[in-house]
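S.K.: Please find one structure pasted underneath; my questions will follow.
The values are calculated or read from the model by the stated rules, or taken from the named source; none is laboratory data. The structure displayed is predicted, hence computed values, not measured ones. Using ideal geometry, Cβ is built from the backbone for each residue, glycine included, and neighbour counts are taken over all protein chains shown. Side chains included, ligands, DNA and RNA excluded: accessible areas come from the protein's heavy atoms. Shrake-Rupley method; radii C 1.70, N 1.55, O 1.52, S 1.80 Å.
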Amino acid sequence: MISSDRMAAVDANAAALGVPRKQLMESSGNAVAREVRAASDPGDAVALVCGRGNNGGDAFVAARFLADRDVTVHLLGRPESIGTDIARENWEALRAAEVPTETVADSADLDLGSPDVVVDAMLGTGVSGALREPERTAAEAVNSLDATVIAVDVPSGVDADTADPTGGEGAVAVEADRVVTFHDGKPGLDRLDAGVTVADIGIPAAAERYTGPGDLLGFGRDPDSHKGENGEVLVVGGGPYTGAPALSARAALRAGADLVRVACPANVADEVQGYSADLIVRGLPGERLSPDHLERVADLAADRDVVVIGPGMGDAEVSVEFVRRFLADFSGRAVVDADALRVVPEVETEAELICTPHQGELRGMGGETAEDPTERADLVRAFAAEVGHTILVKGRYDVIASDDGERVRQNRTGNPGMTVGGTGDVLAGTVGALAAQTDPRTAQTDPRTTQKAPKTGRTDPFQAAAAGAYVNGLAGDAAAEANGHGLVATDLIDRLPHALYDE
């Protein structure tokens, strides 16, 4: 099973791996045509009711494979409003091939006749809200026919993940007899009173296994957002070291956080502040983090979206005890890095943790590793489930596993030059910023309007870790191209926005 959100990411990742979207649409349309042929006889009337997005594009392709049926393609809207280049190209191919088409500019003009089979290709996954015109009238017309109804990917007006009507209980939705979905099943489709066919359309397994540009879908700023709405991060660390917390904090800002504060021992506060005027630094009495700072740090963390804890704090027992007691009482979200990692397996906490160890730190936590990437991924998955937290293990191939062990992903961006000190601190800050954002997967594009719905909720920790590993590696690759193996951690920071938003 794959959620509609993840399917969108995999589709984008496949394109990045060299499988063109147009090729995937050709395979999808062919799969729809096969289902139509299975449900009809030569000469039967087939009405394809098509929207203006890629769901409609799949049906445009299908119509070309149904030359022995009496096919009519009904486009809901004007051809010039077709939303994607590949759907538009396939519409033009229909016209050039003289396949019968009708343009429905007004829902009152829709006349489907008396077809034997209807193909519902109005709206695919990722569309929220009740059906609007002309889709609403078209859905009612489809439901009124005595015909076999075949839906492309998901019946229009139905949530593919839940099977609920997108417009709420009682809302209009297509009542399909069969559904042709692609690559993998969707969680809600098995709950429908319809036969479901899962069609292999040639998406490579690597598009799911490895991170890619699809993992960045939705990250960005709402143009109407205000200060603080894109995330506030608190970095807790420093004492023996000053560069590490500053690197994490600066990376969090470059990765999109609105406000970043650093809580560090007072003896290094001025030096940390000196790295950037953009940071808000709060000095804590003394030279090392200790349990004496618990109340102050807890107050600072209370109003932050994410805490990044551990960079540069050192391994003194008082500092480790501080982390142990802080996490035990903390119920928010935290990225745990460096020497703070060692306490995670022993601490009972209600916090959502994202742990970012390298392989040595993973072993220090009690986890196991292996040379083979697949074996290492299985080991990390099992350990994440054991400790109950999201884990991102840094390495030649980063491994990211969800807190329940159900999801695992690998990241191939990055290069040997990133073994230099500080790149892990940059990663921790980047993940912290992404984990502080609102959920990118709740901002879905409506193909009829190309507008996005408002975002709600926060980014899934696993998704933040996967995206953070990917963009950190991209920034490192850009730095290596400019500086070779002489890159340093600060080279990554200013390249983070390009890695996140220029893919």
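S.K.: Using a 1.4 angstrom probe and counting only protein chains, how large is the accessible area of ILE309 in Å², to 10?
M.R.: My reading of the accessible area for ILE309 is about 0 Å².
S.K.: Put TYR470, TYR275 in order of accessible area, largest first, 1.4 Å probe: what do you get?
M.R.: TYR275, TYR470
S.K.: Still on this structure: Please turn the phi angles of the range 360-370 into ³J(HN,Hα) values with the Karplus equation 6.51 cos²θ - 1.76 cosθ + 1.60 (θ = phi - 60°), one per residue in order, whole Hz, x for glycine and proline.
M.R.: Whole-Hz 3J(HN,Hα) from phi for the range 360-370: x, 5, 4, 5, x, 7, x, x, 10, 9, 7.
S.K.: Would you kindly find the accessible area of GLU175, with a 1.4 Å probe and non-protein molecules such as ligands, DNA and RNA excluded, rounding to the nearest 10 Å²?
M.R.: Accessible area, nearest 10 Å²: 120 Å².
S.K.: Sort MET25, MET418 by accessible area with a 1.4 Å probe, largest first.
M.R.: MET418, MET25
S.K.: Hey, another quick one. Using Cα centres only, tell me the gap between the range 8-34 and the range 461-503 in whole Å.
M.R.: Taking the Cα centre of the range 461-503 as reference, the centre of the range 8-34 is 28 Å away.
S.K.: If you don't mind, there's one more thing I want to ask. What part of the accessible area of the chain, given as a whole %, is carbon or sulfur when the probe is 1.4 angstrom?
M.R.: Ligands and nucleic acids excluded, carbon and sulfur give 43 percent.
S.K.: Using amide H atoms built 1.01 Å from N in the peptide plane, name the residues 5+ places from VAL71, or on other chains, whose amide H lies under 5 Å from its own.
M.R.: Hits under the 5 Å cutoff: VAL46.
S.K.: Calculate the FRET efficiency for SER114 and ARG78 from the Cβ-Cβ distance with a Förster distance of 22 Å, rounded to the nearest 0.05.
M.R.: 0.25
S.K.: Inverting the mean 1/r over all pairs of different Cα atoms, compute the Kirkwood radius of the chain and quote it in Å.
M.R.: 24.4
S.K.: Pairs on different chains or at least eight residues apart, Cα atoms closer than 24 Å: how many lysine pairs in the chain fit?
M.R.: Total qualifying Lys-Lys pairs in the chain comes to 6.
S.K.: Using a 1.4 angstrom probe and counting only protein chains, how large is the accessible area of ARG132 in Å², to 10?
M.R.: 110
S.K.: Using only Cα atoms, locate the centre of the range 84-108 and the centre of the range 403-420, then give the distance between them in Å, rounded to an integer.
M.R.: What the calculation gives is 44 Å, centre to centre.
S.K.: Here's another thing I want to ask about it. Using the alpha-carbon centroid of each, what span in Å lies between the range 262-330 and the range 354-395?
M.R.: When both Cα centres are located, 26 Å separates them.
S.K.: Roll a 1.4 Å probe over the protein chains and send me the accessible area per residue for the chain in Å².
M.R.: 40
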